[in-house]
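What follows is a short report on a single structure.
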Amino acid sequence: MPWDKGIDYETAYQLIMKSIRKATRLSSRCYLYILLIQLRNGSRVSEAVRAFKQFIMTGKTEVEIPVSKKKRPETRLMVLPEEVADKLKECVDYVTVDDNKLTTRVKVYAVRNLKINTHSLRYSFITYLVRTGVNPTLVAKITRHSKLDYILHYTQEKVADRILKEL
């Protein structure tokens with residue numbers, strides 16, 4: 001089963017941005033900001049939640065956050081998408097919400113309202129980078145993916161499928 005579940009990076013970006021513009025509830029907008037942070041950084045949703053909180057608390061546009069699913073402590077750079085840089089302050093109350101609860105809320109929101117799995121955003125980012133010519137080794141470093149083999153196998157499979165379809 002494809003990692004990105006067929007969700008194209010550009011399509012996901014447009015869906016999230018359109019949803020932000022239409023969102024009337026504060027909770028929806030804040031969840032969408034987190035999803036945009038996740039998509040634009042190729043992170044896990046839990047990492048996007050931590051970055052979201054750090055962006056609000058520090059006012060910075062770049063933060064180092066702990067990487068999830070690592071045995072040894074490791075951090076990764078997260079960059080705030082400029083599209084929402086001036087909007088995050090409205091979400092200040094979400095800084096006090098437990099990380100696990102907020103992560104769960106964002107996952108449920110994404111499935112119910114956008115019909116996407118949050119982890120598929122991570123892999124649509126990976127697919128996008130490889131498709132635009134970024135070396136898979138660099139993609140693994142950017143996303144802090146522990147197994148380069150998975151990225152190589154998957155991206156080669158996607159290229160093979162595209163070639164077959166274009167014949």
key: Of Lys87/Lys147; Lys71/Lys141; Lys107/Lys141; Lys107/Lys165; Lys71/Lys101; Lys107/Lys147, pairs whose Cα-Cα distance is over 28 Å   = Lys87/Lys147; Lys107/Lys165
request  = With runs of 4+ DSSP H residues as the only contributors, calculate the mean residue ellipticity of the chain at 222 nm using -39,500 (n - 2.57) per run, divided by the residue total and rounded to the nearest 500.
outcome  = -18500 deg cm²/dmol
query = Can you list the HN-Hα couplings for region 94-108, worked out from phi with the Karplus curve (6.51, -1.76, 1.60; θ = phi - 60°), rounded to whole Hz and with x for Gly and Pro?
reply = 6, 4, 8, 6, 3, 3, 5, 5, 5, 4, 4, 4, 5, 4, 5
request  = In nm, give the distance between the simple-model label positions of Lys22 and Arg112, each being 7 Å from the Cα along the Cα-to-Cβ direction.
outcome  = 1.6
message = Suppose each label sits 7 Å from its Cα in the direction of the beta carbon; what would the Val92-Glu74 distance come out to in nanometres?
response = 3.6
Sequence-distant aspartates and glutamates (8 or more away, or on other chains) whose Cα lies within less than 20 Å of Lys115 = Asp4, Asp8, Glu10
task = Name all residues of region 40-72 having a backbone nitrogen under 18 Å from the label point set 7 Å from the Cα of Lys141 along its Cα→Cβ direction, giving them as ranges.
result = 41-43, 64-65, 67
query = Near the amide H of Thr75, under 5 Å away, which other amide H atoms are found, from residues 5 or more places off or on another chain, if H is placed in the peptide plane?
reply = Val67
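None of the figures in this text is laboratory data; all of them are computed from the coordinates on show. This structure is a prediction, so every number in the text was calculated from the model and none was measured. FYI the Cβ positions are ideal-geometry reconstructions off the backbone, even for glycines, and counts take in every protein chain you see.
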